[in-house]
Structure formats: C-alpha cells, structure tokens
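Below: one structure, written as structure tokens.
What follows is calculated from the coordinates using simple rules that are stated; it is not laboratory data. The model shown is predicted, which means the values in this text are computed figures rather than measured ones. Virtual Cβ from ideal backbone geometry, glycine too; neighbours counted across all protein chains shown.
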Ligand code: AHG
Ligand code: MN
Ligand code: MN
C-alpha cells in the first residue's frame, strides 16, 4: 500500500501543497492521540468559553484548534487561517501562498459519549497583498485541496486535490497514512438518508414533502423503503455517504429565526462539497450549488443537501 507521501508525490501536485497536506496529516495524528486518550488525558468536558458563534467550546475544540494553529504557523506557506474556534482570521506567514480554513473538531457534542468526531480542512490560494477576511471570500471552486480526518475505530483521511478522492487509513504500527481506497465513487442511487428529524416542523415545505415521501416507503411515490442514519457529526455522515452512498442534509429551518442554517460554508460545506463532487456526487443549498456560493463572511452558514447524485436531484425537485 502506498503511503500518503508516496501518493502525493505520484499525484503531481506542487511541492508546497504536498508539504502543507503533510503537515495537516501529521497534526491529525497528534489529534487522533489526544482524542483516543480521552478521559485519561483529562481532555473531555467544556472549556468554559464560547466561540464567536455563541457555542460552548469543549476542551478538545480549543486543544485541537491550537494544535492546528501552531503547526500551520510553523509551516511557512500559510498566509492566514480561519477556524470555527477563532473569531477573526489569524495572519501567519506574510509570503505564504495558501489560506487554510478548518473545523478542528467536528461533531464535538459526540466527544463526551465517545462517538465519532473529525477534523475538516479547506485550502485556498492566497491572493497577493495584505491579508484580510476579504482574502478568504472566494467560492469553493477555488479550493486547491480539501479533506477531513475521521477519528473512528480507525483514523481515516479523505483527501481531494481536484483529482478524485483518496481514502487513507492511519496504520497504528508504522504511524503512516496508507492509501486504502483510490478514486472513491459515490453510488448514483441510494436508499439511505440523514437528517435531524427533530427539526421537522421547522423545515421549508419542500423539505417536509420530500422527507414525508421517503418515509412513505414502498407504498409511497418513491416506490421503495428508505433507511435513516444520523451521526450528529457531519464528518461521520459524509464519510458514510462516500463509503456507501446516501443523502445527507442539514436544511434551512425556522427554529431560530436569526440562524436559518447550521453548517458553516468555509470549513464545513465547501470542503465536503469538493470531496462529494470529486467522488461523483452532488452538493447543493437547495437553490444553488454549494461550490458556487459567493461567501460574504468567514463564519457564514448555509443549508446543505449532499450525496448520491440522483437522490440530491430528487430532493431538489421539491425545492423548485
Ligand atoms: P461542530 O461540532 O463543529 O459545531 O459541528 C456540529 C455540526 C455537524 O457536524 C453536525 O452535522 C451537526 O452539527 C449536528 O447537529 P444536531 O446537533 O442538530 O444533530
Ligand atoms: Mn463542525
Ligand atoms: Mn467544530
């Protein structure tokens, strides 16, 4: 099996980008250790602080954010970073050619129940001149790399640099990421969907009608039975979609009128949409392709509907 460094070399991407991906991958190995030690290392529970989005930070949100920030600061090619856990962008190396956006720990409500969590990252080209929040406001199409690391029974890295999607598994013996699936393809059709059903009454009429038809199963308009899964960590739900197809959505809702969407564009929706498209799937807000959304601020949220191409189309049919 190829190691990550062998496969990056073979992919022909530029050296600087390969080095940056290697730093992200190496840091994720340390994060994997911190997550694995859990209560033994005293890293569970809340940090007693809130992030800019008003969410309680877990200790591990803060620890993993600092690990990534330190690693990228030392790297030299990153002009600035944006993180779920940082109010503002963090300028790093003046002449850096990349901008990195990340969710250091996705699914952090799963930490205290020893369930799936992950790290999501997106790499953009850095415009020349002084760096500011404006430098980050590029559409997801501009991403030069994106991926996630899933800290599950095995630690896995899903990566795209625009040449398909590769899945690597962390070998606990050698400490290397080894290429275990090359050219991930999401099945066009699926019988599985993922949505937080408890928000049903707050969805738009189109989403209400779509899910109602799925639940009608064989006797309904879709003519087949559907199964439902919800991991409560996008990283786990998207991983399942990459492995065996499915539709994952966190749609628009009216639960909190000030917050119609849950997932963040720059470090959740865009990197996942890049992976999904590279694996032959689709990713939409319901009205627009996620990768074409013009961002207006780094912590902006969007509705997300992604996964098996034909099922995403079926869902979008209810949004017209
Ligand atoms: P984060 O832990 O980074 O704040 O993200 C959590 C997100 C996402 O990963 C997941 O799909 C969703 O929140 C879960 O939402 P519910 O709490 O509504 O299940
Ligand atoms: Mn998240
Ligand atoms: Mn997070």
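General remarks:
- Acute angle (nearest 10 degrees) that the helix 59-75 long axis makes with the longest principal axis of the chain, alpha-carbon atoms: 50 degrees
- Set of the range 294-310 residues, backbone N closer than 16 Å to the point 7 Å along the Cα-Cβ line of residue 132: 296-298
- DSSP assigns beta bridges within the range 192-317; of those with both partners inside it, close to 75 percent run antiparallel.
- Size of the range 202-318 as Cα extents on the principal axes (Å, biggest first): 45, 33, 24
- Net lengthening on full extension, residue 26/residue 294 (0.36 nm per residue, minus Cα-Cα): 93.3 nm
- Calculated P(r) of the range 4-182 - Cα pairs past 24 Å, %: 36 percent
- MRE, 222 nm, helices only [DSSP H, n ≥ 4, -39500 (n - 2.57), over the chain, to nearest 500]: -9000 deg cm²/dmol
- The eigenvalues of the Cα gyration tensor, multiplied by 5 and square-rooted, give the range 41-146 an equivalent ellipsoid with semi-axes of 27, 13, 13 Å from largest to smallest.
- Each part gets one Cα centre, and for the range 275-318 versus the range 146-180 those centres are 23 Å apart.
- Antiparallel content of DSSP bridges confined to the chain, in %, to 5: 85 percent
- Taking 210, 151, 287 in turn, the Gaussian network model of the chain (Cα-Cα springs below 10 Å) assigns the largest fluctuation to 287.
- Across every pair of non-identical alpha carbons in the chain, the mean reciprocal distance, once inverted, gives a Kirkwood radius of 19.8 Å.
- Considering the range 110-178 at the alpha-carbon level, its Rg and Dmax are found to be 15.6, 45 Å.
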